[in-house]
Amino acid sequence: VQLQASGGGLVQPGGSLRLSCAASGSIGSINGMGWYRQAPGKQRELVAIISSGGTTNYADSAKGRFTISRDNAKNTVYLQMNSLKPEDTAVFSCYARIYHTRWDGYWGQGTEFTVSS
């Protein structure tokens, strides 16, 4: 089982970006999926999570600007980010709780983006 994230890059302040993270391998079921970020010099923090049923939860800094969604048929979670600010610059990592032979948490590789003019 592995998670593959994509969508990073350079974006101007006020711009938008969408991150994707696809789970692959021998997957029985996927429960919660989410995105975390780690800004330079800071600890990793939760950005948004979504349950298998579509219930979402956001960090205060993400509310109103970011939208998490998932496509269960594709085992993929997305993070649509709008009105980006320089302080959003970070390495974003996706997470999923997956049943393979048991329930375990899996992390994707980080995808980095920079908000700068």
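The values are calculated or read from the model by the stated rules, or taken from the named source; none is laboratory data. Remember, it's a predicted structure, so these values are computed and weren't measured experimentally. Ideal geometry is used to build each Cβ from the backbone, glycine not excepted, and the neighbour counts take in all protein chains shown. Keep in mind that these areas ignore ligands, DNA and RNA; they rest on the heavy atoms of the full protein, side chains included. Shrake-Rupley method; radii C 1.70, N 1.55, O 1.52, S 1.80 Å.
Here are the numbers for this structure:
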item	result
Within straight-line cross-link reach of LYS63, lysines at Cα separation under 16 Å, skipping those fewer than 8 residues along the same chain	LYS85
Whole-number D in µm² s⁻¹ for the stretch 1-55, Kirkwood Cα-pair radius fed into Stokes-Einstein, 37 °C, 0.692 mPa s	243 µm²/s
Average silhouette area of the chain, convex hull of alpha-carbon atoms, in square nanometres	6.7 nm²
Cβ-placed point charges (K, R +1; D, E -1), dipole of the chain about Cα centre in debye, nearest 20	120 debye
The chain - accessible surface per residue (Å², probe 1.4 Å)	53 Å²
Percent carbon-and-sulfur accessible area, the chain, ignoring ligands, DNA and RNA, probe 1.4 Å	44 percent
The chain - percent relative contact order, Cα under 8 Å, separation 6 or more	37 percent
Förster radius 25 Å - calculated FRET efficiency between SER16 and ARG102 (Cβ-Cβ, nearest 0.05)	0.10
ASP104 accessible area, 1.4 Å probe, all protein chains in place, Å² to nearest 10	50 Å²
Burial ranking of peptide ranges 26-35, 67-76 (average Cβ count within 10 Å, highest at the top)	26-35, 67-76
Inter-label distance for GLN43 and ARG65, nm, one decimal - labels placed 7 Å from Cα along Cα-to-Cβ	2.2 nm
Under the Karplus curve 6.51 cos²θ - 1.76 cosθ + 1.60, θ = phi - 60°, whole-Hz ³J(HN,Hα) for the stretch 95-104, x wherever Gly or Pro sits	9, 8, 9, 10, 9, 10, 9, 6, 7, 9
Area accessible to solvent at LEU46, 1.4 Å probe radius, in Å²	60 Å²
Distance in nm between pseudo-label sites at GLN4 and SER26 (7 Å out along the Cβ direction from Cα)	2.0 nm
